[in-house]
Structures are given as C-alpha cells and as structure tokens.
1. Consider only pairs whose beta carbons are under 6 Å apart and that are at least six residues apart or on different chains; among these, list those whose first residue lies in the range 378-403 and is polar (S, T, N, Q) and whose second residue is open to solvent by 10 Å² or more (accessible area, probe 1.4 Å).
2. For the range 179-193: of the residues being open to solvent by 20 Å² or more (accessible area, probe 1.4 Å) and either in contact with a strand residue (DSSP E or B) (Cβ under 8 Å, 6 or more places away or on another chain) or free of Cβ contacts under 8 Å to residues at least 60 places away in the same chain (or both), which is farthest from Glu162 (Cα to Cα)?
3. Which condition breaks for Ala62 when tested against (1) more than 17 Å from Ile117 (Cβ to Cβ); (2) within 21 Å of the chain's Cα centre (by Cα); (3) not in a helix (DSSP H, G or I)?
4. Please give the number of the condition Asp351 fails out of (1) touching a residue at least 40 places away in the same chain (Cβ under 8 Å); (2) touching a Leu at 6+ places or on another chain (Cβ under 8 Å).
5. Within the range 107-160, track down each residue that is over 26 Å from Ile88 (Cβ atoms), open to solvent by less than 30 Å² (accessible area, probe 1.4 Å) and either in contact with a helix residue (DSSP H, G or I) (Cβ under 6 Å, 6 or more places away or on another chain) or of a type in the set (Ser, Thr, Tyr) (or both).
6. If Lys170 meets every condition in (1) in contact with a Gly (Cβ under 9 Å, 6 or more places away or on another chain); (2) touching a residue at least 40 places away in the same chain (Cβ under 8 Å) apart from one, which number is that one?
7. Please indicate, with yes or no, whether at least one residue in the range 153-160 is more than 17 Å from Cys131 (Cβ to Cβ) and in a strand (DSSP E or B).
8. Please go through the range 17-60 and pick out each residue that is of a type in the set (Val, Ile, Thr) and more than 21 Å from Cys328 (Cα to Cα).
Amino acid sequence: MQNLDGAHIAIIGLGYVGLPLAVEFGKQFPTIGFDINQSRIDALEKGHDSTLELNSDELKEATQLNYTANQEGLKQANIYIVTVPTPIDQHCKPDLTPLASASRLIGQVISSNDIVIFESTVYPGCTEEFCIPIIEEVSGLHYNQDFYAGYSPERINPGDKEHRVANIIKVTSGSTEQISDLVDELYRRIVIAGTHQASSIRVAEAAKVIENTQRDVNIALINELAILFNKLDIDTEDVLAAAGSKWNFLPFRPGLVGGHCISVDPYYLTHKAQEIGYHPEVILSGRRINDSMGRYVADSVIKLMTQKKIHVVNSKILIMGFTFKENCPDIRNTRVIDIVSELLKYNAVIDIYDPWADAAEMKQAYDVNVIDPQADQYDAIIIAVGHSQIKAMGAEAIKALGKKDFILYDVKHLLPKSEVDGRL
C-alpha cells in the first residue's frame, strides 16, 4: 500500500484489545472484526460485549464494522492487525500457539502489498523471527517485497473507562521507513492522544514488554517490604503514606499480581534473555516474589485463625473477589486462585463472592463456585479484590457475614485498619 486510500482493515481477535480497536477503526474505515469463537461473534452482532469494555451504544458507533468467524471474509482486507492473546505455559514459557495460528490464518488470505500489524505482547524479535516466516511459508510471498509488517503494542487497561484506545499515546513501527510512516498515519487517524514512532519493530516490541516488567518489579519491591513490615509489626499503608509525602516517591501498593499483562509479559523478556545466554536476576526475582503472594496471604490468615483458636480444618472461609483486578470480569491468570489452592490444603471449605465474574466461566476454568454470602457463616473472610460493590458494603455489612469469632483479612486495604484483623 502506498497510502490509506482504499484501506480495508481486519482485526484478528476480538478480546479486550481487539474489540475496542475494531470499533475505533470501524468509525472511519471498512473494518472486519474476526474471532474464531462463533458465540462471541453472535453476541457482538446483537450488541453485547461480554468483556464489558463497550456498551451497545458504543458498538453501534462503528458503522463500518462487520463481524465474522469465517476466514474467507478476511480476503477483502489489505491491512491485518493481530490482537490475539500471548499467554505463558505451565513452565512460565511463552505460549506462541495463538500467534502462530493467527500468522497461518493471515498467510492463507494475504495478498501482494498488504500490511500485517501485530499488537500482541511479545519478546523483542518475535514479529520478524517467528510470525513473518510463518506468513511467508503459508502464502508464498516474500517479506518486504510482496508484503510488509508493523508492530504497535496494545495499551489497553481492562476495566479502565478513562484510559481508552483514543486517548492513550500509541507506539508505532514498520518494517521499512515508508511502511513505518504509513502505520503511524493509520493510528493517528483514531488516536487523538498522538503516537510515538519507534525506530524499528524490535524497539517497539521491547518498549511494550518493559512497560509491564517495570510495574511488576516495583510491585514486587512493595510486596517484599509489606512482608518485612508485617514481621516488624509496622502497618505497611502507614509507611507508604508517610513515604508518599516526598514528591518523587512512586505510589505503588502491595497486592496480588495477576492478569494477562503484568504477571505474564516479564516472562517473554526473560525467555529472550535466557535464549541469548543472559540470566536476568532482578526481573525473575520480582516474579518469584509476586507469584508467592497468594500463598503468603493464605498463610497469614491461617496464622491469625490459629492465634484466635479457630480450627482451620473444616473451617468455612469467604473470599470476596476473584477476578484479576477490580471492576473487571476478566479471570485469566487471577492470582486469587493461589489463596484458594493453599487454603484447600487445610481442608477448609471455600466460598467465593464476586459480582463481576461469570459463574460458568469460573467453574470451567478453575472449578470454583460463586455464591451470594449469608450472615453469620464464616470463620474467616478475605477481601481479595477491590470491586466497587465490595467497597460499598462497608465494614459493618462485611463483618456481619462472619461468625461470632472470625478473622477479617483485607488484601486491598478497603477498610480502616481498626476494622480488620490483618492486611497486606
């Protein structure tokens, strides 16, 4: 493509990243939203987004957007944007299966002079070393001769209604100077906050993967400090409030680090580092600390129960909140499950209350049930996620769910410290 005249865009993957992007492009360009999940397509055609990122009125604004699960419908496109998940496997290694599938799909439908832009989080070099060769093999076309590529990392924050596609600065890049300019111009059509044109695809890939790695390491530091301060019988929140009075103190808070970004992206960077023979100590150390916090919370609750002479075996424990973050239905890689798993080792009976999570999805993914808690039922209550509905209950209503003697542990610091037995 020489310019954006006649641009026809296809978005591959309609999750938290792909759908908002498809809607923005669908306001200005003919756009195809593709997903392999037919039920997802059916719901979107009826104006319902199960991720709750967009409401029906917002979906209607994309007047040039059509949805499909049929790859034949993709052949009319000339710009393909890949927004599939990039998870990790059970060994914390990058799982590039969705990316490989998307690349093979594009290889079957791409034509000469088309552009492929990847938004999925990857390690530096992945686009050109892993994805492009698959497209070349399937299509028979040659990179930077017959087709071109770009990388523009997603910056979607699930559940955030303030920071959206249009008002977050977008990093862009392309496989040639001309394509880089064209990709940048494409995103400037929908991103009013502006763009940052990176010098290469590898630079853009690296920029994305360190955004969340930086947050992960900083949260790990605060989590380690929280463990230390608890051993010293010092309230962590009081310490952070005092330190936060300095103008350049970074306002990170302790907590469970889950989801599909902060807890996953660092492993893509460490994978590449180890591939070239470098062992990244700080990054992996931070990951170990953050991955251990669910167990630390469970151990803290068990200790408090024991001190209060509440038997842990066969105790009834309520966990309030299960999604990976507040006010969001996404349960992927939630670290609340680590608390559940640890408590089950003591034969505790676990109930989960979450007004945002889908009960069927939770049952299928984690084999846990969502309930509406009743009063005077629990030996321990753990506030694990700061949903607005949980916060609105207040201390009195939450404490009413406990038995006469029970433990209330607040991971998210939703309640005053005087109202809880322990907090992170």
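1. Hits for this filter: Ser388/Asn327; Gln389/Pro355.
2. Asp181
3. Every condition holds for Ala62 apart from (2).
4. Status for Asp351: all satisfied but (1).
5. Scanning the range 107-160 gives Val109, Ile110.
6. (2)
7. no
8. Thr31, Ile32, Ile36
The values are calculated or read from the model by the stated rules, or taken from the named source; none is laboratory data. Remember, predicted model here, so these are calculated numbers, not experimental data. So basically every Cβ, Gly included, is an ideal-geometry build from the backbone, and we count neighbours across all protein chains shown. Calculation scope for accessible area: heavy atoms of the full protein, side chains included, ligands and nucleic acids excluded. Shrake-Rupley method; radii C 1.70, N 1.55, O 1.52, S 1.80 Å.
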